[in-house]
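What follows is one structure encoded as structure tokens, with my remarks underneath.
The values are calculated or read from the model by the stated rules, or taken from the named source; none is laboratory data. On a predicted model such as this, the values are computed, not experimentally measured, just so you know. Note that each Cβ is placed from the backbone with ideal geometry, even for glycine, and that neighbours are counted across all protein chains shown.
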Amino acid sequence: MPDHLPNRLTHLRFTPNTEQLAYKGDGRGDFKIRPVADRAGHVSYLQRQVAAVQQEFDKVEKERADLALSSDFGLILNVTSEPDLPLAYWSLEKAPSSKGEGITLLNLRHEKDQQGREITKAAIFVPHGQLDVLEKKIAEYADPSKDSKDKAGNVTNPRNAPLLNNIHSISSAAVDALWTDPEPLPEADEPCWFELWIRRDDQKDWQGQLIQECAELGIEVPEQTLVFPDHVVVIGHGTRSQLESSLDLLNCLSEIRKARPCSVGLTDLNGLDQEEWIDEALERIQWPGDDAPAVCLLDTGVNRGHPLIEPALSQSDMSTVFGDGDTADDNQLKHGTPMAGLAAFGDLRTLMMSTQTWDQLHRLESVKLIRSSTEHDPENYGAVTLAAINEPESIAPDRPRVFCMAVTADGPNTFGNPSAWSTAVDIAAAGAQNETDQARVILVSAGNTEVHDETFSYPDTMRGNPVEDPAQAWNAISVGAVTHRTTITEDDDEARRCDPLAPEHHLSPYTRTSHAWCLGRKDWPIAPDVVMEGANLGKHRDLENEYPAFDSLAPLTTASNFNLRPIAPFNATSAATALAARIAAQVTQRYPDASPETIRGLLVHSARWPQAVLDRLGLDPHQMRGNEAMQDLMRGYGFGVINEQRALDSLGNQTTFFTGESIQPYKGRAGDASFNECHLIRLPWPVDLLQANPNVTCTLRVTLSYFIHPNPGTRSWDNGQKYKYASHLLGFTHKHKEHSLEEFRSRLHAEEEALVGSLNDPGWAIGPKLRGKAGSLVQDVWRGPAADLAAMEAIAVFPRAKGWWATRKYAEGRQEHNCHEKTVPYSLIVSLEIDADLPVYTEIEAAIQAIEAGIDITT
């Protein structure tokens, strides 16, 4: 790329004198218990239902004995809550012991009854001989001598009331209790690809049992497996009847979902024949060496023979997950080669229109992940993706790289819940495959709105189309699309009768959003994280529901059929993801020692909400902090449009600095750990400069970037006391301008609630409540006078809620053993911008040097 800034300033690395303070927030919430007026009647009701389950056990035991089958079996029970009441599902479980197996929570489902009330259903596995665990709970509930009492001796609740008061029914079940997909169960004899979530147990080989049962039943199970802390996921092809015919097969499972094929979501447009431009550009490009950072495309392959691609992509850096060795772009999908052009150069208009030397500072790599011959058969995409990511790392293990994946799975993703595929992406990004694995920067596309007909309405259709799998991954950077292209330059009759559909800087007509997620999962992270150019469409003035595509409204890139037309338009979130990956690779090249957490953080830290969008919405983020309008904005635009210059460079009055630390969130006992510590970081603040210009408006931006280790399954969707998706959750809070440093330090020793502060600061755009919806990427922006900012010289990073590392216990020898003792890296990125020509960079650089030399800059 051209060196467009004559006085480029690198972002500053900061090594603070971090204070490690004890932290004791409890991370717990309230639980609503239904009052039961007729306790004896409820006891009798529950006992009758358990007795019916016992009869089912007796029946199955006899049938198995007649067939000379083992008595080592269990039944799956459905436990259903009262409407609109929570279910204390964690109390249904019993840990295994030397005397026998325990009772296991398999999954959770949420449904609506005919009155629209929410019903929670828990599927539990009860081994033969263990039903007495539930019988004992009911007996204790019935016994007044077991009642809980307060300090004054007043009865508060019967024992086990939080569980039993809210239970509506207990019954035996089968496949229907294991089906956690939003689509209905397939018909009994309908051949289908199933995603089979096998229980992972230290005492029993459920995976081996399932493979054996599937072989006997004729259920096809490919070899690919995906291993999570509590599950092993495989896919199988068969019928519902086959699954239901084997109790020994069902006993192996926690969940069954529908396996779906993925797609590239590409809309083909006519290209331009510009071979002479390419020849001229080739004379100006300075190509990178083999050790330069790379964008690794996990896609349909790349046609390396394209003259703009070949010098940046070595033959040895092309691979495939398929056994045929074919690494070329799929001749039907034609997706990887256009991705390569944008990932290398951005919109080719910039390169072609320039006359300057072009310093190409990063390379390309390609792993063929999808092809048209298998487009309609689902794969275990999580396992395939992990295998694809390992390919380039085995070829060039020392090369820095970012991964770019713009393929998604079609199908319902209404609430953004984690899938096997999105979890695999989280594992890869966190470097959680094994103890020696390394973290990675991974960008994924949000998925596309592809139908633009009479059913399409801008922008309502995009608001209703949820982000596709696997872009709900917490650790990846999910990329949606906006458009800045609003000028139709074509001169044909159709073009003259069309206007651009989307206003400048607004959502691209091709993108998807997470607006639908808030209908069911208001606590789940917001997506996309960022947006980039994804092209516009035209709209006929005279013909209703006609939305033609024009080359001038899309980025230009390298064409797959380059012998016919080497340059072609390319659109949608695929284009946006490739453009974002290019900037990520540039950041990697500019800051070679930065961690993946920092690279990811710097990319998102550079993003800004388009002012045109804020103006159109009448939205000032600093006046509408954390409200519904802010959340609505972020569910479409994330943290905004990536700004290449801000991601790469600081300016004299716009300075970014970053630090990398590690924190141990938990301490205590495995399975029941408590919070351990928080970090107080004193910032390299230009206090004198700020105080000398008290009325100048300043902007403070803070980004906390870290990676969670995932543990998926519907049990984690409720974010309950025991089962969590994330291993840990971190947050940050800033010293209030009216607090002294000692007061701030004291508040960090208090409960978690104190961290949000009793003193409201309206300068923050997102606010502490909405920050909590950011998953493992937390950001906020403060704006106000320099006099206030001068007193905000400290930030605390703290564990804001318990994850599964604190609540789960694993046997010695497992990778997850004593996970509560793990430390985790994080990156804190801070920028200060002043609306005046003041030497902020110089002052912060001097303050960093003083702090690192042990000088107290506050004295």
Next on the checklist: Please go through the range 321-333 and give me each residue that is within 22 Å of residue 576 (Cα to Cα) and at pLDDT below 95, ordered by number.
Outcome noted: 330, 332, 333
Checklist entry - Hey, does the range 532-540 have a residue that's more than 33 Å from the chain's Cα centre (by Cα) and outside the structural domain of residue 773 (by TED's automatic domain parsing)? => result yes
Checklist outcome for this item: The one condition residue 539 fails out of (1) under 21 Å from residue 336 (Cα atoms); (2) of a type outside the set (Ser, Thr, Tyr); (3) in contact with a Phe, Trp or Tyr (Cβ under 7 Å, 6 or more places away or on another chain); (4) assigned to a strand (DSSP E or B) is (1)
Next on the checklist: Considering only residues that are assigned to a loop (DSSP other than H, G, I, E, B), under 23 Å from residue 403 (Cα atoms) and of a type outside the set (A, V, I, L, M, F, W, C), which ones fall in the range 345-384?
Outcome noted: 346, 347, 360, 362, 371, 375, 378, 379, 380
Item to check | Residue check, residue 690 modelled with pLDDT of 90 or more, buried (at least 23 other Cβ atoms within 10 Å of the Cβ), over 29 Å from the mean Cα position of the chain (by Cα) and among the aliphatic types (A, V, I, L, M) | outcome: yes
Item to check | Selection within the range 300-323 - touching an Asp or Glu at 6+ places or on another chain (Cβ under 8 Å) and among the acidic types (Asp, Glu) | outcome: 317
Checklist entry - If you take the residues in the range 276-303 that are under 26 Å from residue 552 (Cβ atoms), of a type outside the set (D, E, K, R) and over 34 Å from the mean Cα position of the chain (by Cα), which one is modelled with the lowest pLDDT? => result 277
Next on the checklist: Can you tell me which residue is modelled with the lowest pLDDT among those in the range 222-275 that are within 15 Å of residue 179 (Cα to Cα), among the small types (Gly, Ala, Ser) and buried (at least 22 other Cβ atoms within 10 Å of the Cβ)?
Outcome noted: 259
Checklist entry - If we only count strands (runs of 3 or more DSSP E) wholly inside the range 773-837, which ones have 3 or more residues that are over 23 Å from residue 10 (Cα atoms)? => result 777-785, 794-802
Checklist entry - If only one of 628, 644 is of a type in the set (Asp, Glu), farther than 30 Å from residue 23 by Cα and in contact with a helix residue (DSSP H, G or I) (Cβ under 6 Å, 6 or more places away or on another chain), which one is it? => result 644
Next on the checklist: With the condition being crowded, with 24+ Cβ neighbours inside 10 Å and of a type in the set (A, V, I, L, M), I'd like the strands (runs of 3 or more DSSP E) fully within the range 556-665 carrying at least 2 qualifying residues.
Outcome noted: 567-569
Checklist entry - Can you name the residue in the range 825-835 that is in contact with a helix residue (DSSP H, G or I) (Cβ under 9 Å, 6 or more places away or on another chain) and surrounded by fewer than 22 Cβ atoms within 10 Å (Cβ to Cβ) and, of all such residues, is nearest to residue 105 (Cα to Cα)? => result 825
Item to check | Residues satisfying the stated conditions in the range 610-659, i.e. in contact with a strand residue (DSSP E or B) (Cβ under 9 Å, 6 or more places away or on another chain) and of a type in the set (Asp, Glu) | outcome: 649
Next on the checklist: I'd like to know if the range 202-220 contains one or more residues that are under 26 Å from the mean Cα position of the chain (by Cα) and at negative phi.
Outcome noted: no
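The rows are residues; the columns are (1) buried (at least 18 other Cβ atoms within 10 Å of the Cβ); (2) out of contact with any helix residue (DSSP H, G or I) (no Cβ under 7 Å at 6 or more places or on another chain).
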{"site": "104", "(1), (2)": "yes, yes"}
{"site": "123", "(1), (2)": "yes, no"}
{"site": "132", "(1), (2)": "no, yes"}
{"site": "139", "(1), (2)": "no, yes"}
{"site": "150", "(1), (2)": "no, yes"}
{"site": "153", "(1), (2)": "no, yes"}
{"site": "157", "(1), (2)": "no, yes"}
{"site": "166", "(1), (2)": "yes, yes"}
Checklist outcome for this item: Selection from the range 741-759 of residues at pLDDT 80 or above and either outside the structural domain of residue 815 (by TED's automatic domain parsing) or out of contact with any helix residue (DSSP H, G or I) (no Cβ under 9 Å at 6 or more places or on another chain) (or both) yields 741, 742, 743, 744, 745, 746
Checklist entry - Looking at the range 522-550, which of its residues are surrounded by fewer than 19 Cβ atoms within 10 Å (Cβ to Cβ) and either more than 12 Å from residue 510 (Cβ to Cβ) or among the polar types (S, T, N, Q) (or both)? => result 522, 523, 540, 541, 542, 543, 544, 545, 546, 548
